[in-house]
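Engineer: I have a structure I would like to understand better, so I am pasting it below and will then ask my questions one at a time.
The values are calculated or read from the model by the stated rules, or taken from the named source; none is laboratory data. If you're wondering where the values come from, they're calculated on a predicted model, not measured in any experiment. Neighbour counts run over all protein chains shown; Cβ positions are idealised from the backbone, glycine included.
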There are 2 protein chains.
Amino acid sequence: MKARVTVMLRDGVLDPQGEAVRHALGALGFAGVEGVRQGKLIEIDLAATDPATAEAEVRAMCEKLLANTVIERFTVEIL
Amino acid sequence: MKARVTVMLRDGVLDPQGEAVRHALGALGFAGVEGVRQGKLIEIDLAATDPATAEAEVRAMCEKLLANTVIERFTVEIL
C-alpha cells in the first residue's frame, strides 16, 4: 500500500526557499508570478494492507518525524 | 490562478534523502515501511487567468528551473 504525504509551511510562516524560487523565476523572465511556496512530498511504501491502519500509521509518522507541526501542516493520502 | 507542481526523482535514481527517512522511521519503531521517496511540492500563484496559458507557463518554469529533467520527473496541476 502506498501513501503520499505533503508537508507545507503554514500560512504566515516565512518561506525563504519559496521566495528564492519566486525571485529566480522573475530573473528568468517569467512575469506574473505572484507568490511561491515550497514544501515536501514524501511517498511511502507500506506493508499494511488496511487503508485505515495505514493512514493512522502515516499520520503518526508525520507527527513524530516528517512534519514540524508548530510551523508546518501536512496531508496524508492513501493510494 | 494557482498551480501545484510536484518534482520527484525518477525511478532508479538513488534517493539518499528518502533512504534516510526510511531508516529514521525504522529507528522510531515504525515497522513495515518498505520504501520512501522524497520530492518537492511547489505552489505557485500566477497572474494568468487562462488555465491553458498558465499550464504552459508553469511547464516552461519546470523545464528551465524547477526540475532537473535528466534525473527528475514533474507534474503540473492547475487549481
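Engineer: Being farther than 21 Å from residue B:71 by Cα, outside any helix (DSSP H, G or I) and either facing chain A (nearest Cβ under 7 Å) or modelled with pLDDT of 95 or more (or both) is the filter here; which residues of the stretch B:24-42 pass it?
Structural biologist: Residues of the stretch B:24-42 farther than 21 Å from residue B:71 by Cα: B:24-34.
After this cut, where a residue has to be outside any helix (DSSP H, G or I) as well, the list is B:28-34.
Residues satisfying the conditions are B:28, B:29, B:30, B:32, B:33, B:34.
Engineer: Residue under question is residue A:42, and the condition is that it be touching a helix residue (DSSP H, G or I) at 6+ places or on another chain (Cβ under 8 Å) and at negative phi; does it hold?
Structural biologist: For residue A:42, the condition - touching a helix residue (DSSP H, G or I) at 6+ places or on another chain (Cβ under 8 Å) and at negative phi - is met.
Engineer: Among B:40, B:2, which is the only one that is of a type outside the set (Val, Ile, Thr) and surrounded by fewer than 18 Cβ atoms within 10 Å (Cβ to Cβ)?
Structural biologist: The match here is B:2.
Engineer: Separate question: Can you tell me which residues in the stretch A:43-52 are among the polar types (S, T, N, Q) and either assigned to a strand (DSSP E or B) or facing another protein chain (nearest Cβ under 7 Å) (or both)?
Structural biologist: None; the set is empty.
Engineer: Please find, among B:21, B:70, the residue that is outside any strand (DSSP E or B), under 18 Å from residue A:39 (Cβ atoms), modelled with pLDDT of 95 or more and of a type in the set (Val, Ile, Thr).
Structural biologist: Only one candidate qualifies: B:21.
Engineer: Another question about this same structure. Which one of the conditions (1) under 24 Å from residue B:19 (Cα atoms); (2) crowded, with 20+ Cβ neighbours inside 10 Å does residue A:25 fail to meet, given that it meets all the rest?
Structural biologist: Result: residue A:25 fails condition (1) only.
Engineer: In the stretch A:34-62, how many residues are within 23 Å of residue A:17 (Cβ to Cβ) and either out of contact with any strand residue (DSSP E or B) (no Cβ under 6 Å at 6 or more places or on another chain) or among the basic types (Lys, Arg) (or both)? Can you show your working first?
Structural biologist: Here is the first cut: in the stretch A:34-62, the ones within 23 Å of residue A:17 (Cβ to Cβ) are A:34-44, A:61-62.
In the following step, the residues that additionally are either out of contact with any strand residue (DSSP E or B) (no Cβ under 6 Å at 6 or more places or on another chain) or among the basic types (Lys, Arg) (or both) were identified as A:37, A:40, A:61.
Within the stretch A:34-62, residues that are within 23 Å of residue A:17 (Cβ to Cβ) and either out of contact with any strand residue (DSSP E or B) (no Cβ under 6 Å at 6 or more places or on another chain) or among the basic types (Lys, Arg) (or both) number 3.
Engineer: Okay, next question. Residue check, residue B:12 against (1) assigned to a loop (DSSP other than H, G, I, E, B); (2) without any contact (Cβ under 8 Å) to a residue 40 or more places away in the chain; (3) facing chain A (nearest Cβ under 10 Å), all met but one. Which one?
Structural biologist: Evaluating residue B:12 over (1) assigned to a loop (DSSP other than H, G, I, E, B); (2) without any contact (Cβ under 8 Å) to a residue 40 or more places away in the chain; (3) facing chain A (nearest Cβ under 10 Å) leaves (3) as the failure.
Engineer: Does the stretch B:53-62 contain any residue that is over 17 Å from the mean Cα position of the chain (by Cα), away from chain A (no Cβ under 11 Å) and either touching a residue at least 12 places away in the same chain (Cβ under 8 Å) or assigned to a helix (DSSP H, G or I) (or both)?
Structural biologist: yes
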